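Novice: Take this structure, written in structure tokens, and hold onto it; I'll ask about it next.
The values are calculated or read from the model by the stated rules, or taken from the named source; none is laboratory data. Note that the structure is a prediction, hence the values are computed from the model and not measured. For neighbour counting, all protein chains shown are included, and Cβ atoms are generated from backbone atoms with ideal geometry for every residue, glycine included.
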Amino acid sequence: MRLILLFAVFVILGLAFESAGARLISFRALIPNLIIILAVDLGLRHHGVLPAILAFAMGYATDALAGSHPGLNAFMTTMVFLVSYEISTRLMTANAGVGATVVFFGVIATTLGTIAIANGFAALSSTGPMLPGLMLQALITAIVAPFIFSMLAAGKRLTGLPVGSARDGHRDR
Amino acid sequence: MKSTFLWRNRVLLTGGALLILSLHLISTGVHPGDLAARPQSVFLEIVSPITGAFTHLSDGASSITRDYFELVHVRQENAHLRDELTKVKADKARLAELEVENQHLAALVELKDALGTNAIAANVIGSDANGISRTLVLSSGSDNGLRPGLAVLANQGVVGKIIAVSPHASRVLLIDDHNSALDGFDQRSRARGIVAGMVDDGVILKYADRSQDLLTGDTIVTSGLDGIFPRGLLVGTIQSVHREGPGLFLAVRIAPAVDFRELEQVLILTQPPPHLEDQAKD
């Protein structure tokens, strides 16, 4: 329950920030994709059924404020969670550097995946002009990621949730 | 129990089931009134006031920053005059803002009168949260009579259509989104086509036959055939027409009449446009 509440607060603030930020900053690539950071944190540090459902719920919440196909962000966020989970089960460590790297590729894969599913794989051929902006957004999101991980860790400490990686011993249900 | 296959792979199995559920939602679509649409409506309702607050906060912060830079130049003046100046400037900025808003609303009222249909104005409080699609968040929702499928206009032209509503907020799919399509025609040559958004930004006129007479600078307006937008609303002007290359149709790029980033207020038509037969009778 504490995990749900903590992530609900971060998702609400994150989406409100992204939505309002997009109105103020004309160059959209400068606004980081905060939901991907949250999904990666869940995948790296919380291994269980509840975090998986939480990742899906975060994506579905994103669908309320982004995109035109409900379920698309839910699909992508769940996918990012599963990839992060798989990575964390195979690596000896899941520190902020690993998290930032996963976030970087997660942002790129999510955007291209969203375009491919919504418009067909042929649409990927016309994404060339948007790639520099996408790379910049992925880079900014990856740079911001360690700070968000720290904020999440502080929130977890405050609520009595385990902070370290799921590899270190704890498991969520 | 912990050594069973299901327990060991519970995360992957749950994730897989959720991916299938997501694909089901994508393929079947979520319609207004569906059980699956309720969480989204609730979430939009929760987030929209916070988005509005963020927008107000950042407006305030930028106003303070502006004021600060202006004050640097008058540091030599005494404190009283500085305070007075700040007050006057704040009032002036507020009045200027009100005047701009007033002008926007007056223009929208004029448009509403010209259209002769029921319409309500709404403030734009947010944009698409992840930026892949092109949508806006409005401060009005189903409590104000909004519902999915309604046309959204600005005084400069067509903006888009409502795709989701909650009691106090709604989302608009802009005409430059890659999932948007509306029926339009060239006002000069009467050549018809589908106005659609593109993945890599921009708006095009699809399915315009190669034999059709389309020229750069021509005005594209709505045809009214899509049942959403009334006939004759300005969509934009033709930016380029490419006749080279393979294919049955022309490659026509359109510059939208509306600058979607600058939108502050919009007009939503709460009444569907009359059928063309009715228009013809009138």
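Novice: Restricting to the stretch B:119-145, count the residues that are more than 14 Å from chain A (Cβ to nearest Cβ) and at pLDDT below 85.
Specialist: Qualifying residue count for the region: 1.
Novice: Is it fair to say residue B:151 is of a type in the set (Gly, Ala, Ser), in contact with a Pro (Cβ under 8 Å, 6 or more places away or on another chain) and buried (at least 24 other Cβ atoms within 10 Å of the Cβ)?
Specialist: yes
Novice: Now a separate question. Does the stretch A:64-71 include one or more residues that are assigned to a helix (DSSP H, G or I), surrounded by 19 or more Cβ atoms within 10 Å (Cβ to Cβ) and out of contact with any Phe, Trp or Tyr (no Cβ under 7 Å at 6 or more places or on another chain)?
Specialist: For the stretch A:64-71, residues assigned to a helix (DSSP H, G or I), surrounded by 19 or more Cβ atoms within 10 Å (Cβ to Cβ) and out of contact with any Phe, Trp or Tyr (no Cβ under 7 Å at 6 or more places or on another chain): absent.
Novice: For residues in the stretch A:12-33 being of a type in the set (A, V, I, L, M) and either more than 9 Å from every other protein chain (Cβ to nearest Cβ) or surrounded by 24 or more Cβ atoms within 10 Å (Cβ to Cβ) (or both), which is nearest to the chain's Cα centre (by Cα)?
Specialist: Taking the stretch A:12-33 and keeping what is of a type in the set (A, V, I, L, M), we get A:12-13, A:15-16, A:20, A:22, A:24-25, A:29-31.
Next, from what is left, pick out any that are either more than 9 Å from every other protein chain (Cβ to nearest Cβ) or surrounded by 24 or more Cβ atoms within 10 Å (Cβ to Cβ) (or both): A:15-16, A:20, A:22, A:25, A:30.
Numbers: A:15: 12, A:16: 15, A:20: 18, A:22: 18, A:25: 21, A:30: 16 Å.
Checking each candidate, the answer is A:15.
Novice: Taking the stretch B:23-38, which residues are more than 24 Å from the chain's Cα centre (by Cα) and facing chain A (nearest Cβ under 7 Å)?
Specialist: Correct list: B:23 only.
Novice: Suppose the filter is within 18 Å of the chain's Cα centre (by Cα) and surrounded by fewer than 21 Cβ atoms within 10 Å (Cβ to Cβ); does residue B:183 pass it?
Specialist: yes
Novice: Could you list, in sequence order, all residues of the stretch A:36-61 that are at the interface with another protein chain (Cβ under 7 Å from one of its Cβ atoms) and crowded, with 23+ Cβ neighbours inside 10 Å?
Specialist: The answer is A:52, A:56, A:60, A:61.
Novice: To continue, here is another question. Can you pull out the residues in the stretch B:1-50 that are surrounded by fewer than 15 Cβ atoms within 10 Å (Cβ to Cβ), part of a helix (DSSP H, G or I) and either polar (S, T, N, Q) or touching a residue at least 60 places away in the same chain (Cβ under 8 Å) (or both)?
Specialist: B:27, B:28, B:42, B:49
Novice: Cβ-Cβ below 6 Å, separation at least six or inter-chain, first residue in the stretch B:110-134 and over 21 Å from residue A:30 (Cα atoms), second of a type in the set (Lys, Arg): which pairs?
Specialist: Close Cβ pairs (under 6 Å, with a partner that is of a type in the set (Lys, Arg)) amount to B:119/B:112.
So that you can scan it fast, the table gives a plain yes or no per residue for (1) at pLDDT 90 or above; (2) more than 26 Å from residue A:1 (Cβ to Cβ):
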| residue | (1), (2) |
| --- | --- |
| A:124 | no, yes |
| A:131 | no, yes |
| A:150 | yes, no |
| A:158 | no, no |
| A:171 | no, no |
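Novice: For residue A:127, are the conditions met, namely being touching a residue at least 24 places away in the same chain (Cβ under 8 Å), at the interface with another protein chain (Cβ under 7 Å from one of its Cβ atoms) and more than 22 Å from residue B:10 (Cα to Cα)?
Specialist: No: the conditions fail for residue A:127.
Novice: Something else now. For the stretch B:123-145, name all the residues that are of a type in the set (A, V, I, L, M, F, W, C) and buried (at least 23 other Cβ atoms within 10 Å of the Cβ). Spell out how you get there, then give the answer.
Specialist: If we filter the stretch B:123-145 for residues that are of a type in the set (A, V, I, L, M, F, W, C), which is where we start, we get B:124-125, B:129, B:132, B:136-138.
Result: B:125, B:129, B:132, B:136, B:137, B:138.
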